[in-house]
Every structure is written in structure tokens, then in C-alpha cells.
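To keep things clear, I will list the structure first and then write my remarks on it.
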Amino acid sequence: MATRRQVRNSAWVVGGALVALVIGFTVVQSSGSDDADEAEPTASPSTASQSVGETPEESATGDAPQKKTRTPAPAKTSASIPPEADPVPLDERVRTRDDVQIAIVKREIVKGKARFSGEISGPALRLTIEIRNGAKTPLDLGYVTVNAYTGKQRTPASPIAAPGGRPMEGTLKPGASADGVYLFSVGKSGRGSVTVGVDYRASEPTIIFRGSAS
């Protein structure tokens, strides 16, 4: 029969084993919890959503991401645009290098009458332009254009058809001459400095007349 002391010693042994078991379980659980805490940031929803391949975020102002800028090629300059010849007085006759003569044979101050869209009735300068074809080939008068400008800044004068406007047309044979009538809205204040440009053939310089039309 076991003594009281033996029973007491057995109880201490069993109790110590239970305590050790509880402590071991607690340590294991605590270690697993710590491992889980350390691994949690790698599974953060926000980090995962950015690495899945969503489109880039917009800026704070709501602007979409900028695209690569493409620089366009420079515009080509047409070689068919003729240069201007040196200016001559309004009453001078010009002989070109291909033996065509151009002159303003008449200048008149008239009252322009608007007949078409964009025209304005009022003081106008009416010019009669004469062309003599001294070349050996016919001259296409359909190409002839006349423009007028006022002041040192060469402000364009608006063309007007009436009264008496009559542009050149047809073909001018070698040795023949023709004239046309061109009107421009030019007031009294603009007559002191007038520039007239006449184009008569492709790739040839524009003939420039300049002076006072008062």
C-alpha cells in the first residue's frame, strides 16, 4: 500500500508534466502567430492589385497619362512661288528677261460699287494694266493676276469688280499686246503709298510697281 508521501510525489510529477505541456503548446501557438504576422504584408490586397497589371493611375488632376509626342515633318516650300523683282515707279514700263513688257497705263480714282460678296462700296483705285508680248512663244493671260497694297506694311487692298473691271484672258501671241482693268478699295489716306504686284507667267518674278497714286 502506497504511502502518503509517494502519492504526493506522484501528484507533483503529473502536475509538472501538465504545466510543461501547456507551456509548450503556448510557445508553438505564439510562434505560428508571429510567422503569420511576418508573412501578411506580402499578401496585402493593395500591393497585389498594383502588380496584377492594372492600367496606370491617373494624376491628381484627372489627366490621362501623356502619350509620346510625335514631331511632324517640316512643310515643304513650293519652288513654283516666284520671287519679287525690284520695285519701279508706278508710271514706269518694265521689260522682263523673257522680253515681255508690263506697264500701268492708266490710274483713276473712282467710286467702287459692291456687286459680289465681300466687296465694299466706296473710294477705289482703278488700274489699267498693259502687257506686250515680245517673246517668241504665246503668253497665257489666264495666269495674269494683279494685287494692290497700301502703306509701308503693304496692307492688302480688297479687290472690287465695278465699275469697269475687266481681267485679262485668252492667249497673247508673240508681238501682240493686251490690257485689263483692275479695281481695288483704296481710300484717300491710302493713296500716298501704293504697291502693285503683277504676276504674268509661272516661275517668273512678280513685277512690283510702287509710288503715290494721289
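The values are calculated or read from the model by the stated rules, or taken from the named source; none is laboratory data. Fair warning: this is a prediction, and the values are worked out from it, not measured in the lab. Every residue, glycine as well, gets a Cβ built from its backbone with ideal geometry; the counts of neighbours run over all protein chains shown. Calculation scope for accessible area: heavy atoms of the full protein, side chains included, ligands and nucleic acids excluded. Shrake-Rupley method; radii C 1.70, N 1.55, O 1.52, S 1.80 Å.
Of K111/K136; K106/K173; K106/K152, which ones are farther than 32 Å apart at the Cα?
Cα-Cα > 32 Å for K111/K136; rest within.
Keeping every protein chain present and rolling a 1.4 Å probe, give me the accessible area per residue for the stretch 90-139 in Å².
Result: 60 Å² of accessible area for each residue.
Heavy atoms of the protein only, probe of 1.4 Å, neighbouring chains included. What is the accessible area of S177 in Å², nearest 10?
Surface accessible to solvent at S177 totals approximately 70 Å².
Could you please state how large a percent of the accessible area of the stretch 86-214 is carbon and sulfur, counting protein chains only and using a 1.4 Å probe?
49 percent
Which residue, Y149, I102, A178, has the largest displacement toward the positive end of the dipole of the stretch 84-214 when charges sit on each Cβ (Lys, Arg +1; Asp, Glu -1)?
Y149
Using the heavy atoms of the protein chains alone and a 1.4 angstrom probe, what is the accessible area of the stretch 172-214 per residue in square angstrom?
Spelled out: the 1.4 Å probe surface of the stretch 172-214, per residue, equals 39 Å².
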